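The values are calculated or read from the model by the stated rules, or taken from the named source; none is laboratory data. The model shown is predicted, which means the values in this text are computed figures rather than measured ones. Glycine also receives a Cβ, built like all others from the backbone with ideal geometry; neighbour counts cover every protein chain displayed.
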């Protein structure tokens, strides 16, 4: 299972660098190529945290943006399995949504009162779970 998860995350990463709609040839301010608005909105908050705050160990910034990230993550959970998801992927998508929801709750708690180490781990779990979900989104 972990091997499959890692493979999907790696495939998504490679695909995002090779595909113009994901890479954002017009600068990062443009759409990221997700077929669902809630994923776009979540990624708008996630991206600078992943690529700026986390590498610099800026946990103050991660905590400051945690409420917005959590709110937008809950929007994804509330949405459920997006329309257009193939029948064979719906169960896997629903399972990953449950994992994402749990990771989001842990992150929210750690952002409020956890240590920086706990916050880093729970943030990474949210990020990785989101990447799994994004890789399973139906393509437009």
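Can you find a residue in the stretch 73-81 that is farther than 30 Å from residue 115 by Cβ, modelled with pLDDT of 95 or more and surrounded by 13 or more Cβ atoms within 10 Å (Cβ to Cβ)?
Yes, that holds for at least one residue.
Conditions (1) exposed (fewer than 14 other Cβ atoms within 10 Å of the Cβ); (2) touching a helix residue (DSSP H, G or I) at 6+ places or on another chain (Cβ under 6 Å); (3) assigned to a loop (DSSP other than H, G, I, E, B), marked per residue:
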{"position": "52", "(1), (2), (3)": "yes, no, no"}
{"position": "62", "(1), (2), (3)": "no, yes, no"}
{"position": "70", "(1), (2), (3)": "no, yes, no"}
{"position": "83", "(1), (2), (3)": "yes, no, yes"}
{"position": "93", "(1), (2), (3)": "no, yes, no"}
{"position": "100", "(1), (2), (3)": "no, yes, no"}
{"position": "107", "(1), (2), (3)": "no, yes, no"}
{"position": "130", "(1), (2), (3)": "no, no, no"}
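Taking the stretch 109-124, which residues are in contact with a helix residue (DSSP H, G or I) (Cβ under 8 Å, 6 or more places away or on another chain) and assigned to a loop (DSSP other than H, G, I, E, B)?
If the condition is that a residue be in contact with a helix residue (DSSP H, G or I) (Cβ under 8 Å, 6 or more places away or on another chain) and assigned to a loop (DSSP other than H, G, I, E, B), then 114 is the only one that fits.
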